[in-house]
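No lab work stands behind these numbers, since they all come straight from the coordinates. All figures in this text were calculated on a predicted structure; none of them were measured in a lab. Neighbour counts run over all protein chains shown; Cβ positions are idealised from the backbone, glycine included.
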Amino acid sequence: MPTAVLYDDSSEDLAREVARELGASSFKIQQKLFPDGEQYVRIPQSLSGLSALYITRLYPNQDSGLVRVMLVAEAARGAGAQSFSVAIPYMPYARQDRRFLDGEPVSIDVVLTALRSLGIEHLYVIDIHKPQVLEKYPGFINIRPFRLYADGLRGIEKPVVVSPDLGSLWRARELADALGAEYGYIEKHRDRVTGEVKFSNIEVNVKDRDVIIVDDIISTGGTIVGAARILKEGGARRIYVVATHCLMLGDAEARVMSVVDQLYCSNTVVSKYSRFDVAGLISEHAVSG
Ligand code: R5P
């Protein structure tokens, strides 16, 4: 079935590239705000006989972005789409994937359940914080970008790939496997109330080695700064960082760049460090479903 790629102001670059790779048409949805702040969207042409793929970045302004996805999903159904899928490169609310403290919601479940209830056939996300959260939702797919990253990091000689915590060790393993490198992790503890992070042992030898730290998100930068410092204390030579979603809040950029040699991010969130283009990953998965 032919595909139409829909996009908005946040995602024209990705949508045009995905449409080119799929040989699909692409067009922009119409958007405006009502005087009271509510959103309006319109799909300006019929989607009859088409499978629609809406590509949108939800960061920043995650909450209004989620409402926009809901409105576009309903509009696509009304415009006659045979199926409707969404690509949200950086999935918001993914870090609240369990009740860390009594009385909290499992936020990512709330969001995924809402998206499923809209009849979304496929949801494509890149490097979601914990891929297991998608298991309950057939057709919702986490795209792992580590082969793409490895292709851009091959110039680094004999690196050790390090995860800044045990939870992300699988990321280090996948990137290291693609590079043919060693890998390991640092023990990290986060205070669930203050958010403060502390690092203890490095579970791999980094002395006199170039290190690639791999993580999903740089938010305040606290994790990367703490990890880089302890790696330096452990004798690491150069520190490279590859992170998928670089939010770089507050003074994160200055703090991170004061302790690392190079930072590589993807364009799920656009910044001057966006070295990896995820459009090709989205189109590969959109073809195979
Ligand atoms: C945490 O488990 C994530 O994988 C990231 O390490 C974390 O979200 C980064 O946040 P920050 O930059 O604020 O330390």
Could you tell me what % of all Cα pairs in the stretch 85-155 have separations over 19 Å? 38 percent
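Could you calculate, for the stretch 21-139, the ratio of the Cα radius of gyration to the Kirkwood radius, expressed as Rg to Rh?
Rg/Rh: 0.99.
Cα convex hull of the stretch 147-189: how many Å³ per residue?
Details: hull volume 2.5 nm³, N = 43.
Normalising the Cα hull of the stretch 147-189 by residue number yields 59 Å³.
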Report the paramagnetic label zone for Asp63: residues of the stretch 26-40 whose backbone N is under 11 Å from a point 7 Å from Cα along the Cα-to-Cβ axis. none
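What translational diffusion coefficient, in µm²/s and rounded to a whole number, does the Stokes-Einstein relation yield for the stretch 55-198 at 4 °C and a viscosity of 1.567 mPa s, taking the hydrodynamic radius as the Kirkwood radius over Cα pairs?
Working: Rh = 17.3 Å.
Rounded, D is 75 µm²/s.
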Taking Cα atoms, the helix 107-117 axis meets the longest principal axis of the chain at an angle in degrees (rounded to 10) of 30 degrees
Report the paramagnetic label zone for Glu203: residues of the stretch 129-163 whose backbone N is under 11 Å from a point 7 Å from Cα along the Cα-to-Cβ axis. 163
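Quick check: convex hull over the Cα atoms of the stretch 49-107, volume per residue in Å³, rounded to an integer? Show your work: numbers first, answer last.
On the way: hull volume 5.5 nm³, N = 59.
Value for the stretch 49-107: 93 Å³ per residue.
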Equivalent-ellipsoid semi-axes (√(5λ), Cα gyration tensor) for the chain, whole Å, largest first? 36, 21, 16
For the chain the mean separation of alpha carbon contacts under 8 Å (6+ apart) over residue count, i.e. relative contact order in percent, is 13 percent
Could you grab the relative contact order for the stretch 36-83? Cα pairs under 8 Å, six or more apart, rounded to a whole percent. 60 percent
Find the relative contact order for the stretch 136-289 and round it to a whole percent, using C-alpha pairs within less than 8 Å whose residues are 6+ positions apart. 19 percent
Using the alpha carbons of the stretch 18-69, what is the convex hull volume per residue in cubic angstrom, as a whole number? 94 Å³
Computed Rg/Rh of the stretch 231-289, alpha carbon atoms with Kirkwood Rh: 1.12
If you restrict to DSSP beta bridges whose two residues both lie in the chain, what percentage is antiparallel, to the nearest 5? 15 percent
What Kirkwood hydrodynamic radius do you get for the stretch 127-274 when you take the inverse of the mean 1/r over all pairs of distinct Cα atoms, in Å? 15.4 Å
In whole Å, how far is the Cα centre of the stretch 36-110 from that of the stretch 262-281? 22 Å
